[in-house]
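Have a look at the structure below, then the notes.
The values are calculated or read from the model by the stated rules, or taken from the named source; none is laboratory data. The shown structure was predicted, so the numbers you read here are calculated from the model rather than taken from an experiment. Counting neighbours? That spans all protein chains shown, and the Cβs are built from the backbone with ideal geometry, glycine included. Please note that ligands, DNA and RNA were not included when accessible areas were found on the heavy atoms of the full protein model with its side chains. Shrake-Rupley method; radii C 1.70, N 1.55, O 1.52, S 1.80 Å.
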Amino acid sequence: MFTKARLKLTIWYLFIIMSVSLLFSFVIYSGINAELQQFERLTMVKTEQDFFGTRIRRTPAFEPKVISQTRQKLLLTLGLINLGILVVSGISGFLLAGKTLKPIQLVLEEQKRFIADASHELRTPLTAMRTEIEVALRDKKLNLSEARKIFRSNLEETNKMQNLSNNLLSLSRYEVRKMPMKKTNLSQTLSATMEKIGPVAARKKVEIGFDLKDVYITGNPDSLQELSTILIDNAVKYSHIGGKVLIKVSKSGIHARLTIQDFGVGIEKEDLPHIFDRFYRADSSRSEKEGYGLGLSIAKSIVDLHHGKINVTSSPGQGSTFIVTI
Ligand code: ADP
């Protein structure tokens, strides 16, 4: 598809360049030809009479043959110049068309990969549900408690799909739409986050330590809350039972800084460059069944929305530190 588009674009480039080139050639040829015609007129043999009536024969200034040769040379030179322009602009047009189309090609490939990944993630719970229902329907002696078990399991799968679709919606929302911004106390957005994550941390006996300062930024409170939820949720999720998570809000020059540190499983060096990619899950965390590998890409979109930066340092087995600077 892209080779076809590239060729089409090259033809358009060629058409424009050659039209201009041929137009210029025509103008040059017409100008010089007019001059030649002028000379040609001079070459005509003129006979005049002098004062005594004697006929004088004027010598032609140019040979007609020379003029027609000059005209032919001019045509040949212009033809060669146009041929050269055709070849050079053909090659450079093809290269330029490739360069122009490259970003579009990359975005389309990314889009395709995204759709394939999303459908794959949706297919897994759907297949599990379908298999359970089919087996149950074939079982003539299925009793109520067995049916309840299947309903419960199906409900779990439905929750997973709902989670996934919410994540996909968040991702597209932050990537496509501009969010309303207002003066926001970064520390305050964390209190709402803690209401959600507190019980999860308590269940895992993970202690959460705070060092919060009132730091104001221009931001979207809801998305900032989602950002902190993702990072703190991950810190708890990848902590060991009885572990510790430290959350700090500070000021660094004109920037606000949110630091979330855990002492959990950590991230392998080869995974670090990919953790913000969509659907990327490091091997060490594949056993975590809840994650789809979308959290950090949503976090990155939110940080981008605020023109900020997100950095991570991590050592396997020792923990990770995520720093957001806005
Ligand atoms: P997931 O839903 O799988 O957690 P994320 O996009 O939030 O997806 O994270 C991507 C991957 O980055 C995770 O699968 C995990 O391997 C790694 N990761 C993220 N946060 C942490 C953390 N605090 N500690 C260790 N690994 C982490």
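Mind listing which trypsin sites (Lys or Arg not before Pro) in the range 218-281 are in a DSSP loop and have 13 or fewer other Cβ atoms within 10 Å? Spell out each step's value before the answer.
Numbers: sites: 237, 244, 248, 251, 257, 269, 278, 281; in loops: 269, 278, 281.
Sparse-neighbourhood loop trypsin sites (Lys or Arg not before Pro): 269.
Pairwise over distinct Cα atoms, reciprocal of the mean inverse distance: report the Kirkwood radius of the range 172-247 in Å, one decimal place. Before the final figure, lay out each step's value.
Working: mean 1/r = 0.0750 Å⁻¹.
Evaluated on the range 172-247, it is 13.3 Å.
Based on DSSP loop calls and a cut-off of at most 11 other Cβ atoms within 10 Å, the longest stretch of the chain free of exposed GluC sites (Glu not before Pro) is what? Mind showing how you got there, number by number?
Working: sites that count: 270, 290.
That would be 1-269.
What does the net charge come to around residue 200 if you take all other residues with beta carbon closer than 9 Å to its beta carbon, with K and R at +1 and D and E at -1? The partial results should precede the final answer.
Working: positive: 196, 203, 204, 237; negative: 233.
Result for the local shell: +3.
May I ask you to derive the relative contact order of the chain, considering only C-alpha pairs under 8 Å and at least 6 residues apart, and to give it as an integer percent?
Values: 390 pairs, mean separation 41.0, N = 326.
With pairs under 8 Å counted, the relative contact order is 13 percent.
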| Amide proton proximity set for residue 278, modelled H, under 5 Å, gap of 5+ | none
| message | Please list, by residue number, every one of the trypsin sites (Lys or Arg not before Pro) in the range 186-225 that is coil in DSSP and has at most 12 other beta-carbon atoms within 10 Å. | response | 205
| note | Exposed chymotrypsin sites (Phe, Trp or Tyr not before Pro) being those in a DSSP loop with at most 12 other Cβ atoms within 10 Å, the longest stretch of the chain free of them is 53-326
| Please state the relative contact order of the range 205-326 as a whole percent: Cα pairs under 8 Å, 6+ residues apart? | 28
| So for the pair residue 109, residue 136, with labels modelled 7 Å out along Cα→Cβ, what separation do we get in nm? | 4.4
| Carbon-plus-sulfur fraction of the accessible area of the chain, 1.4 Å probe, in percent? | 61
| said: Accessible area per residue for the chain in Å², computed with a 1.4 Å probe and the full protein assembly in place, what is it? | reply: 66
| query | What net charge do the residues around residue 240 carry, taking every other residue with its C-beta under 10 Å from that of residue 240, with Lys and Arg at +1 and Asp and Glu at -1? | reply | +2
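Quick one: of 8/99; 213/237; 269/309; 102/309; 196/251, which pairs are farther than 22 Å apart, Cα to Cα? Before the final figure, lay out the partial values.
Working: 8/99 14 Å; 213/237 25 Å; 269/309 20 Å; 102/309 26 Å; 196/251 25 Å.
Checking Cα-Cα distances, 213/237; 102/309; 196/251 exceed 22 Å.
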| field | Cα shape, the range 235-283, gyration tensor, a/c 1.5 rule | value | oblate
| remark: Dividing the alpha-carbon radius of gyration of the chain by 2.2 N^0.38 Å, where N counts its residues, gives 1.90
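At most 14 other Cβ atoms within 10 Å and a DSSP loop assignment: could you name the trypsin sites (Lys or Arg not before Pro) in the range 121-194 that fit? Don't jump to the answer; show the numbers that get you there.
Numbers: sites: 123, 130, 138, 140, 141, 148, 149, 152, 160, 173, 177, 178, 182, 183; in loops: 140, 141, 177, 178.
Counting only loop positions with at most 14 other Cβ atoms within 10 Å, the trypsin sites (Lys or Arg not before Pro) in the range 121-194 are 140, 141, 177, 178.
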